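*Asks:* If you scroll down you'll find the structure; I have some questions about it.
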Amino acid sequence: MEYKSPAEKGPNSQTGRVPAASLAENVQYMKDQLQSPEDLLIKSIVMAAGQKGAVACIDGLVDKQLKVQILQTLMQERLSIDSAGAKSNEAEQGAEEGDGSGDGMPVEAGKIPVQDARYSTDWDDILLSILTGDTALFVEGAKEVLLLGSKGWKSRAVEEPQTETIIRGPRDGFTEDIRTNTALLRRRVKDVNLRFESFRIGRRGRKDVIVAYLNGVVNPQLVEEVKRRITTIDIDDPEGSGYIEQWITDRYWSPYPQILNTERPDKVAGAIMQGKVALLIDGTPFQLIMPIMLSSFIQSPEDYYQNWILSSVLRILRVISAFVALFLPGLYIALLEYHHGLLPSKLAFSIAGTREGVPFPAVVETFLMETTLELLREAGIRLPKPIGQTIGVVGGLVIGEAAVTAGIVSPVMVVVVAVTAIASFAIPSYGFAVSIRLLRFGIMLAAAIFGLYGIVLALIMNCIHLANLKSFGVAYTGPLAPLRLGDWRDFIIRVPVMNMVKRPAILETMDEVRINTDDQGEKNK
Amino acid sequence: MRIRSRRRIAFLFVASSIALSGCWDRVEIDQRGFIVGVGVDAVIQEVDESSAEEESGSTPSGEQTNSASNKKQNKKAKYKVTYQVVTPSGMKAENANAQPTAAYFHLTVEGTTFSTMEANLAQRMSRAPFFEHLKVLIFSEAVARRPGDFAEAIDYFLRDSQMRRSTKVMVTPNKASEILSTQPPGERLPSAYLELVSSNGANSSRILPHTRIGEVQESLLKNKSFGIQTVSNGSRTYSTLNGTAVFSGRSNRLIGFLDGRETAGLNFLRDSIKGGHIEFPYGDEGRGVFIVQRMTRRMRVSFGKDGLPAFDYHIEVQGSLNEAYQIPDTLSEKTLYRMDEYVGQSIKQLIESAIVKLQKQYRCDVIELADYMSRKHHRWWSKHRGQWERGDDLFSQVPIHVQVKAHIHRTGNINISEE
Amino acid sequence: MKTASFGERPVTPLEMSMTIASMLIGVGVLTLPRTLASATKSFDGWMSIAGAGLIAMLLGALVSRTAVKAGNQPFLEYASSLISRPLACLLAFFQMLYFLGFSAYETRAIANISKQYLFDRTPVEYIALAFFLVIVYGVSGSRSGLLRLNVMFLPAVLSIVVVVVVFGYRWFEFGNLEPFFVTGIPGLLKGMKEVVFSLLGFEIILYYIVFMARPEKAPKAVVGGILVAVVIDLIIYQLAIGIFSNVGAMNIIYPTVELAKEIQFPGNFFERFESLFFVIWIMTIYNTAVMGFDLAGECMAFLFKRMTKRVRHLILAPAAMIICMTPNNLPQFDLLGTMISYLAVGAGVLIPCGLLLLSGRKKGTAAHADTK
């Protein structure tokens, strides 16, 4: 695995420091560097040929069985050791050094039963490898160190994603382990062109990040741009995908997420197949997809598993729910404070009737209730799961009912708040739902100042912002603006699968055609 | 980046200055006095204070009536306007056992201009009068008859930005305030009730299609005669919508009324029949009721020697028999044919009675012949425009011929009910 | 290897058509039935619309030919290569005045209408100010963003027109359209003038053509955009006449808004439709105004080359606000509109057409005069 990173050297790196030929010196150096913590295991061994050696690894990060195997192999008779430095030609460094015959690693990598083994003469590399779960073999008299891949730690099993549950479709979700995740992805995309490019970012944290894309489909400029942005990350520890997302996003002050995060491997696989780029990040189940458009938020992988009519209707429903979640409280304010003529007569009378005796103006009432709602949500997340779910229901019901009976708010307000909340839950993307929750308060403010006019102005400002917004160079409002009518096949309406012939034109993919029926294939070539 | 953020701060400053100074128009919805109906009565100059008091006493209990007869105003006052204001808390249908509060109350104001009356209203109401939910506008005969008053009153209800062009207009020979007090059980607002009744055309041929205030303006602008729905005998539990108030294009004021039968005739002429019953005689003894389901009207104009147009109406009505009394064998071809004849005759009678009244008595072209002429024979019309209802009064002279054909398609579930 | 422009891919002819259309659909349509009904009799205004539409399309084609001629150069640079820089500066000044006035006029119109239908006591100044602030916010973003905004809003506008038409036909009386062909030529011409004025604005192609992938398609795009606006004018006009009759339309200040007020959905579930109509229409008027403002800034940039965008907007915004607030009543406001329209005809249409002639002549004499 070859890593690229701007912060190749950690802050405490001692460039050029190479292991000495003395085993004791090496072990001592390692102990000094790591301050010999409890989880650092250093075992001195005597190998079959009688040579002294030491094996170092971190407890908990290595596969115990593998380690036993390694040790067995090293100590067994069969392992003939060429003390004269008959190390095979693959160790270039040793060959280059070439000053002393005793400097090379006497153990041949190919003879140790591990998947990957390599030689190293760089202390930074060695230490980092140990810290990531490799086992290092030091041999008396050899300046080279053999690094044996023995990673194997306890990780969470593949479970159903917590945030994006769907009814029909695969139930596996990403885990915190990047290897598991790449495997999940590979299992879905068996194309030889699937590329994983690894990066290691963070001066101290040293996170593995993999740029995944489908070569020959994705636009190479996009990949370049993603890689360029990743290499600009220079932070001590990008914990989780959130750091990376915020670092490489186009406009960080926008309330809209410009990178999609998901726990679902099928979503990532689908995106890669469309010609997008995915970032797999070690240590988090949330992987990133880019570039995205606004329409990505109303799309759920489920749409593709279901009948196209149903999923089109569902998408329309989600669009409506997004609008409701964004505008309903604002509209409530505008209609109740300004434009009483715009309500249907009967509704106007009955609302006026229910509001009689409510001490607060509708503006205050709305802000009060919406804030309470947000409070409930926040509290619901913090609480242990079984209670958390109940607090949503109980809190909503009890507080709403009590507030109405107490005459603090009008019943219509409670309806509005409840509908808004439900509508915002119907949005498939959590990140987008959060931005809508945020913007809702802006709309409410605008409505409080200028009524419907204010809402329109706020809407226009919002649209300008969206029109100016880009996600990795792709216009955020596509395929609506810029208008790509071909992409409308998978926009709000999802046409039958047979008709989704092309990849999204807005992504400007290298291979535009998805379905190669004979006639269509010819037409498109 | 820094420039941008500075700009945003500047923007925020301006925005917050707006925010702080904004909200001029913010009014709570429960602070609005929704006015749903307006009844315009005339103040007869001789009327004295006591009659006004008397009137306020006659309004039903549960309503508040503020007789706003300001003495000073009364001297010059032209209109006495009853505003129907909704009390929203009364609109709530809950609490069946609780004492139901009235859903509305009336305020009566006198004055010469409507805006000052609205201002007067505001002086008396805790809530600002709000007209956007105005449903019906009722003029009493006295106001409608006085020259100039009607158009003047209409102006306010068109010009004010709170008004909608779809507000229904009605004329009553009785007092408008009485009509507004109609409250049939089950309906909470008299105005809403009147609005619903006014669009009952599909059930009765004697209701003129409802007149929207916008249409009235168009008619006034064109100086053409027009009809307005008439609502009469307002009592506690019902008002009757029946008949037509005929407004003359010459003076833009009320000339007279058409009764229900004549209104039905007018509806046939104007092709505005949506349904309704026609009673017809059968022979000497028999009677039947015909239900109109569809009608088609064709009209033709022919010019006579004197250059006068003559109008031919061909009206075809299709429908079913709904009631039969002493009619033999309703299934036989012969009876059906005869019934068709009788129905046709009855309809023709209706129509002719309307024509006679309009041509001879009122001399008002509510039939919209003028429109027809201006559309189809524009050249003739532009020459004789001035002579149609004025001058030579051509309208009252033009011959109008009517032919009615009726077809009974269905005779119901039974043949005959008694032998 | 394929290179991606990613959304910055210059606009297609269709999108340019949409831009032109949303520039033309502004306040003009709101009052058009009234002005047209006053000039013509009965339903004859349709001929005015059709005639004016043809004229506008012809002019649009000519102006966009000029724009095509300019090639990759900005229009004003091209103009100065034809008619010396001082004259081009004069042209830029007039165009700046025109675009600024246009923007101010649209703003005032939306403020007036909002005041009429949505507000009671809120001063017009504040309504306009809020609108201006949003305009300034709009122009401070990218210009291709503005074009995208057009593309986003236009479908909403078109669909609202469709809804108005579909549900408005309930009150439509065909009789109101008759008699046909009764207006004299002068009336038709007067009507035509009004319609042409409401169709001005296609001059923006001179500046926005640089965004087009294939500039040679500009004339077609402009004609298409004008066609959309003409069709909308025609639809609204016939509906207004059919519902209000000629006399009625003549006496309603904003017939198109009243049209939306008339609409009732079956079953009254959505009683007050005009609110939605307003929302959408404010959006399209915003498009018109923001493009006007943007181009005013563009012209100013030509005049004062070293001025930054921010300074330009800081100067232009108060100026536009002052123009916007100058008229005191409706007649004065109409006068402002007429003045701007004449300015548009002069600076936006005739001069570019003249340049086209000039360039043709120049090409005749010196073949490679303006290749640089």
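*Asks:* How long is the gain from residue B:325 to residue B:390 if the chain were fully straight, where each residue apart is worth 0.36 nm and the alpha carbon distance is subtracted? If you can, show how the numbers build up before the last one.
*Replies:* On the way: separation 65, 0.36 × 65 = 23.40 nm, distance 4.75 nm.
Extra length from residue B:325 to residue B:390 when fully extended: 18.7 nm.
*Asks:* Could you work out the relative contact order of chain C, using alpha carbon pairs under 8 angstrom and six or more residues apart, expressed as a whole percent? Display every interim value, and only then the final one.
*Replies:* On the way: 508 pairs, mean separation 148.6, N = 372.
In percent, rounded to a whole number, it is 40.
*Asks:* Just going by the charge dipole of the protein assembly as shown, with Lys and Arg at +1 and Asp and Glu at -1 on Cβ, which of C:110, A:498, C:166 is farthest out on the positive end?
*Replies:* Highest projection toward the positive end goes to C:110.
*Asks:* Which of rounded, prolate, oblate describes segment A:332-460, given a ≥ b ≥ c as roots of the alpha-carbon gyration tensor eigenvalues and a/c under 1.5 marking rounded, otherwise prolate only if a/b is larger than b/c? Don't skip to the answer; put the middle values down first.
*Replies:* Values: a/c = 2.30, a/b = 1.30, b/c = 1.77.
In terms of gyration-tensor shape, oblate.
*Asks:* Further, regarding this structure: Treating only the Cβ atoms of Lys and Arg (+1) and Asp and Glu (-1) as charged, compute the dipole magnitude of segment B:262-410 about its Cα centre; round to the nearest 20 debye.
*Replies:* Working: 22 positive and 20 negative charges, 149 e Å.
It works out to roughly 720 debye.
*Asks:* Right, another one. Quick check: Cα centre of segment B:121-161 to Cα centre of segment B:230-267, how many Å?
*Replies:* Measuring centre to centre over Cα atoms gives 20 Å.
*Asks:* Oh, and also: Which value, in debye to the nearest 20, gives the size of the charge dipole of segment A:178-292 about its Cα centre, when Lys and Arg are +1 and Asp and Glu are -1 at the Cβ?
*Replies:* Details: 18 positive and 14 negative charges, 71 e Å.
The calculated dipole for segment A:178-292 is roughly 340 debye.
*Asks:* Let me ask you something else. For the protein assembly as shown, just say rounded, prolate or oblate: build the C-alpha gyration tensor, square-root its eigenvalues into a ≥ b ≥ c, call rounded for a/c under 1.5, and beyond that prolate if a/b exceeds b/c, oblate if not. Could you put the intermediate results ahead of the total?
*Replies:* Working: a/c = 2.49, a/b = 1.99, b/c = 1.25.
Judged from the Cα gyration tensor, the protein assembly as shown comes out prolate (a/c at least 1.5, a/b above b/c).
*Asks:* Longest segment of chain C with no GluC sites (Glu not before Pro) in a DSSP loop having at most 15 other Cβ atoms within 10 Å? Let's see the in-between values first.
*Replies:* Working: sites that count: C:8, C:173.
Maximal segment without exposed cleavage sites: C:174-372.
*Asks:* When the helices in the protein assembly as shown are scored as -39500 (n - 2.57) per DSSP H run of 4 or longer and the sum is shared across all residues, what 222 nm value do you end up with, to the nearest 500 deg cm²/dmol? Write out the running numbers ahead of the final one.
*Replies:* Numbers: 46 runs with 633 residues, N = 1316.
Calculated mean residue ellipticity at 222 nm is -15500 deg cm²/dmol.
*Asks:* Indicate, rounded to the nearest 5 percent, the antiparallel portion of the DSSP beta bridges found entirely in the protein assembly as shown.
*Replies:* Here the antiparallel bridges make up roughly 75 percent for the protein assembly as shown.
*Asks:* Please list, short to long, the whole-number percent of alpha-carbon pairs of segment B:262-410 in consecutive 10 angstrom bins beginning at zero.
*Replies:* Each 10 Å bin holds this share of Cα pairs: 11, 38, 27, 16, 7, 1.
*Asks:* Quantify how strongly other chains surround peptide C:232-244 by giving the mean number of their Cβ atoms within 10 Å of each of its Cβ atoms.
*Replies:* Details: counts 0, 0, 0, 0, 0, 0, 0, 0, 0, 0, 0, 4, 6.
Mean shielding count: 1.
*Asks:* Now for a separate question. What percent does the relative contact order of segment A:443-521 come to when contacts are Cα pairs within less than 8 Å and at least six residues apart? Let's see the in-between values first.
*Replies:* Numbers: 69 pairs, mean separation 11.9, N = 79.
15 percent.
*Asks:* Separate question: Got a sec? How would C:89, C:324 order by Cβ neighbour count within 10 Å, fewest to most? Before the final figure, lay out each step's value.
*Replies:* Working: C:89 16, C:324 27.
Final ranking by Cβ density, sparse to dense: C:89, C:324.
*Asks:* What order do you get for A:151-158, B:155-162, A:125-132 when each peptide is scored by the mean count of other beta carbon atoms within 10 Å, highest first? Intermediate values should be presented prior to the final figure.
*Replies:* Working: A:151-158: 12.9, B:155-162: 15.9, A:125-132: 19.5.
Ranked by mean Cβ neighbours within 10 Å, highest first: A:125-132, B:155-162, A:151-158.
*Asks:* Just flag the chymotrypsin sites (Phe, Trp or Tyr not before Pro) in segment C:202-271 sitting in loop per DSSP whose Cβ has no more than 10 other Cβ atoms within 10 Å. Write down the numbers at each step before the final one.
*Replies:* On the way: sites: C:202, C:207, C:208, C:211, C:237, C:244, C:269, C:270; in loops: C:269, C:270.
Taking segment C:202-271 and a limit of 10 other Cβ atoms within 10 Å, the loop chymotrypsin sites (Phe, Trp or Tyr not before Pro) found are C:269.
*Asks:* Rounded to the nearest 20 Debye, what is the dipole magnitude of the protein assembly as shown about its Cα centre when Lys and Arg each give +1 and Asp and Glu each give -1 at the C-beta?
*Replies:* Values: 138 positive and 130 negative charges, 708 e Å.
Dipole about the Cα centre, nearest 20: 3400 debye.
*Asks:* Cα atoms only, chain C: Rg and Dmax in Å?
*Replies:* Radius of gyration, then largest Cα-Cα span, for chain C: 20.8, 71 Å.
*Asks:* Right, next: Hey, any idea what the orientation-averaged projected area of the convex hull of segment A:178-292's Cα atoms comes to, in nm²?
*Replies:* Numbers: hull surface 25.7 nm².
Dividing the Cα hull surface by four gives the mean projection, 6.4 nm².
*Asks:* Of C:200, C:185, C:210, which is farthest along the charge dipole of segment C:184-235 in the positive direction, counting Lys and Arg as +1 and Asp and Glu as -1 at C-beta?
*Replies:* C:210
*Asks:* Here is the link list: A:470/C:217; B:80/B:168; A:207/A:502. Which ones come out longer than 31 Å on Cα distance? Display every interim value, and only then the final one.
*Replies:* Details: A:470/C:217 27 Å; B:80/B:168 19 Å; A:207/A:502 36 Å.
Over 31 Å apart, Cα to Cα: A:207/A:502.
*Asks:* Going toward the positive end of the dipole of segment A:285-416, with +1 on Lys and Arg Cβ and -1 on Asp and Glu Cβ, which of A:408, A:398, A:309 do you reach last?
*Replies:* Value computed over the given set: A:309.
*Asks:* Sticking with this one: Relative contact order of chain A: what whole-number percent is it, with Cα pairs under 8 angstrom and at least 6 residues apart? Working shown, then result.
*Replies:* Numbers: 871 pairs, mean separation 69.6, N = 525.
Relative contact order of chain A: 13 percent.
*Asks:* Kindly rank C:307-319, B:109-121 from highest to lowest mean number of other beta carbons found within 10 Å of each residue.
*Replies:* Numbers: C:307-319: 15.9, B:109-121: 18.7.
Top to bottom by mean Cβ count within 10 Å: B:109-121, C:307-319.
*Asks:* Also: Could you please rank B:133, B:277, placing first whichever residue has the fewest other Cβ atoms within 10 Å of its Cβ?
*Replies:* Details: B:133 25, B:277 17.
Lowest to highest Cβ neighbour count: B:277, B:133.
*Asks:* Counting only other chains, what is the mean number of Cβ atoms within 10 angstrom of the Cβ of each residue in peptide A:464-474? Please report the intermediate quantities before stating the final value.
*Replies:* Values: counts 15, 4, 4, 13, 10, 4, 5, 2, 2, 5, 4.
Per-residue shielding by partner chains comes out at 6.
*Asks:* Mind checking B:214-222 for the average number of partner chain beta-carbons within 10 Å of each residue's beta-carbon? Display every interim value, and only then the final one.
*Replies:* On the way: counts 8, 6, 0, 5, 10, 3, 2, 7, 4.
Other-chain Cβ atoms within 10 Å of each residue's Cβ, averaged: 5.
*Asks:* Show the residues, 5+ positions off or on another chain, whose built amide H is closer than 5 Å to the amide H of residue A:472.
*Replies:* A:250
*Asks:* Which pairs break 31 Å Cα to Cα here: B:78/B:222; B:175/B:224; A:267/C:309; A:346/C:41?
*Replies:* Working: B:78/B:222 26 Å; B:175/B:224 26 Å; A:267/C:309 42 Å; A:346/C:41 40 Å.
Cα-Cα > 31 Å for A:267/C:309; A:346/C:41; rest within.
*Asks:* Here's another thing I want to ask about it. Sorting check: for A:482-489, A:309-316, B:345-352, which peptide has the highest mean count of neighbouring beta carbons within 10 Å, and how do the rest follow? Numbers along the way, then the final one.
*Replies:* On the way: A:482-489: 17.9, A:309-316: 15.6, B:345-352: 19.9.
Listed from highest to lowest mean packing, they are B:345-352, A:482-489, A:309-316.
*Asks:* Using the count of nearby Cβ atoms within 10 Å as a rough guide to exposure, how do A:217, A:398 rank from fewest to most?
*Replies:* On the way: A:217 21, A:398 11.
So the ranking, lowest neighbour count to highest, is A:398, A:217.
Since every read-out is calculated from the coordinates, none of them should be taken as a lab result. Please read these numbers as outputs of a predicted model, since none were measured by experiment. Glycine gets a Cβ as well: all are built from the backbone with ideal geometry, and neighbour counts include every protein chain shown.
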